[in-house]
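Notes follow the structure.
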Amino acid sequence: MNKLEIHGLSKVFQSQMGPVTALENIHFDVKEGEFISIVGTSGCGKSTLLNIISGLESHTTGEILLDQIPVQGPGSDRAVVFQSDATFPWLTVYENIEYGLKVKKIDPKQRKQIVEELLSLLELDKFSSAYPKELSGGMRKRIDIGRAYAVQPEILLMDEPFGALDIVTREMMQDELLRIWSERKKTVIFITHDLEEAMYLSDRIILLSPRPGRIKEVIPIDFPRPRSGQLRESQEFYQLRNQLRHIMGQ
């Protein structure tokens, strides 16, 4: 069953130099519980596409359907995790994860249950009273993921969430994300410029061409789950990476 459908989507920005086409004739579907990565070079429109799906930005032509209903703006059925640290420094870990639930006016007893379950899942229960400045970058990113999960969105949108982390922490967070996703399956659309990250995480990769962003190819990723760090060192992983690099370079 398709959770998200995008048909003939284009985005044209107006600039002082005239119209600039960022995205052109984008078509794809995302199934319930699927993990999709969108990959392309800088400036190809990846983040613009994610912002359109989130409702933070409008599209020029085409349509986006979430559960068969047109997307016409932001909604609680979608949650976004950005690259930049989005934790509130004046709130504790507990309060950060609880924040969206308070905005939605969820009953305090239910809020407590949701937050405590997520703290355990994120392995942050021992740090619930800590402030973000007292935690590592990877732990702060877990808070961002927890806050997104707390509001129980239909789709989790992630815009290069690990891009600012060092390589060791980034790979650790990729494993953490897969662990959390396997336990609480969400439909995920993940933006990255890192082919290896996309290969490791995804069920399918959507490759975008340079501007204007068009779908160049959709590649199924057939590596079995659950995935571990050994996959990154396998011959199959290396061969697929080279194949995708070749496609992107054409």
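The values are calculated or read from the model by the stated rules, or taken from the named source; none is laboratory data. The shown structure was predicted, so the numbers you read here are calculated from the model rather than taken from an experiment. Reconstructed Cβ throughout: ideal geometry from the backbone, glycine too, with neighbour counts over all protein chains shown.
Run LYS126 past the list (1) outside any loop (DSSP other than H, G, I, E, B); (2) under 15 Å from the mean Cα position of the chain (by Cα) and report the number of the one that doesn't hold.
Among (1) outside any loop (DSSP other than H, G, I, E, B); (2) under 15 Å from the mean Cα position of the chain (by Cα), the lone unmet condition for LYS126 is (2).
Mind counting the residues in the stretch 18-63 that are among the small types (Gly, Ala, Ser) and part of a loop (DSSP other than H, G, I, E, B)?
7
Quick check, is LEU156 under 23 Å from LYS105 (Cα atoms), under 12 Å from the mean Cα position of the chain (by Cα) and not in a loop (DSSP other than H, G, I, E, B)?
Yes.
Of PHE190, PHE223, which residue is assigned to a strand (DSSP E or B) and at pLDDT 95 or above?
Answer to the selection: PHE190.
Only one residue in SER234, SER209 is more than 26 Å from THR21 (Cα to Cα) and among the small types (Gly, Ala, Ser). Which one?
Every option except SER234 fails the conditions.
Is it true that some residue in the stretch 44-54 is more than 27 Å from ARG147 (Cβ to Cβ), assigned by the TED database to the domain that holds ILE26, surrounded by fewer than 19 Cβ atoms within 10 Å (Cβ to Cβ) and touching a residue at least 60 places away in the same chain (Cβ under 8 Å)?
Within the stretch 44-54, none of the residues are more than 27 Å from ARG147 (Cβ to Cβ), assigned by the TED database to the domain that holds ILE26, surrounded by fewer than 19 Cβ atoms within 10 Å (Cβ to Cβ) and touching a residue at least 60 places away in the same chain (Cβ under 8 Å).
Filter the stretch 93-122 down to the residues that are part of a loop (DSSP other than H, G, I, E, B) and touching a residue at least 40 places away in the same chain (Cβ under 8 Å), then identify the one that is surrounded by the fewest Cβ atoms within 10 Å (Cβ to Cβ).
LYS104
Considering (1) hydrophobic (A, V, I, L, M, F, W, C); (2) outside any strand (DSSP E or B); (3) more than 21 Å from the chain's Cα centre (by Cα); (4) closer than 22 Å to ILE189 by Cβ, say which one TRP90 fails and leave the rest.
(4)
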